[in-house]
1. Residue by residue through the range 97-102, which ³J(HN,Hα) values in whole Hz follow from phi under the Karplus form 6.51 cos²θ - 1.76 cosθ + 1.60 (θ = phi - 60°), with glycine and proline marked x?
2. With labels modelled as points extended 7 Å from the Cα through the Cβ direction, what inter-label distance (nm, one decimal) is found for Asn78 paired with Met61?
3. What distance in nm lies between label points placed 7 Å from Cα along the C-beta direction at Ser36 and Asn89?
4. Rank these residues by their accessible area, most exposed first, probe 1.4 Å: Thr80, Thr38.
5. Would you mind counting up the charge near Asn90? Only other residues with Cβ under 13 Å from its Cβ, with Lys and Arg at +1 and Asp and Glu at -1.
6. Can you give the net charge of the other residues whose Cβ lies under 15 Å from the Cβ of Arg27, counting K and R as +1 and D and E as -1?
7. Once fully extended, how much extra length lies between Ala71 and Arg27, figured as 0.36 nm per residue of separation less the alpha-carbon to alpha-carbon distance?
Amino acid sequence: MQFFKLSAIVALMSAAAVTQAADWNQRATLECARRSWTAIKASVDGDIQGSWNFLPPPMRMALQQGGAVNADNSLIANPTLEQIALIANNLPQGIFFPEADDIVD
């Protein structure tokens, strides 16, 4: 079972065909994401929770210390622009960007 989970996570994280379309360092992108946060959160929470233990410790630590995740490893409900940037810059592309990019583009 662990191998299957790990395989799924590796597939998500190495989505080589996925290109990051939105510029997550731009204020306009972050503001759009904040307005659409409910949809973004709903689309990526399951992937984050399922892959949390497989994320590198520095990523997990940055998200936790930045207050971007809840105790159950789901994204917080009302992030600041800085927390959205932290999330976008610390989660692997295969987990955050496909869904979030589709929503903000």
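The values are calculated or read from the model by the stated rules, or taken from the named source; none is laboratory data. Everything numeric in this text was worked out from a predicted model, so none of it was measured. Positions of Cβ are generated from backbone atoms using ideal geometry, with glycine treated the same way; all protein chains shown enter the neighbour counts. With ligands, DNA and RNA removed, areas are computed over all heavy atoms of the protein, side chains included. Shrake-Rupley method; radii C 1.70, N 1.55, O 1.52, S 1.80 Å.
1. With the stated coefficients, the range 97-102 comes to 5, x, 6, 5, 4, 4 Hz.
2. 3.1 nm
3. My value for the distance between the label points is 2.2 nm.
4. Working: Thr80 60, Thr38 115 Å².
Putting Thr80, Thr38 in descending order of accessible area: Thr38, Thr80.
5. Working: positive: Arg60; negative: Glu82.
Here the count lands on 0.
6. Values: positive: Arg34, Arg35; negative: Asp23, Glu31, Glu82.
With Lys, Arg at +1 and Asp, Glu at -1, the net is -1.
7. On the way: separation 44, 0.36 × 44 = 15.84 nm, distance 2.76 nm.
Contour length minus the Cα-Cα distance gives 13.1 nm.
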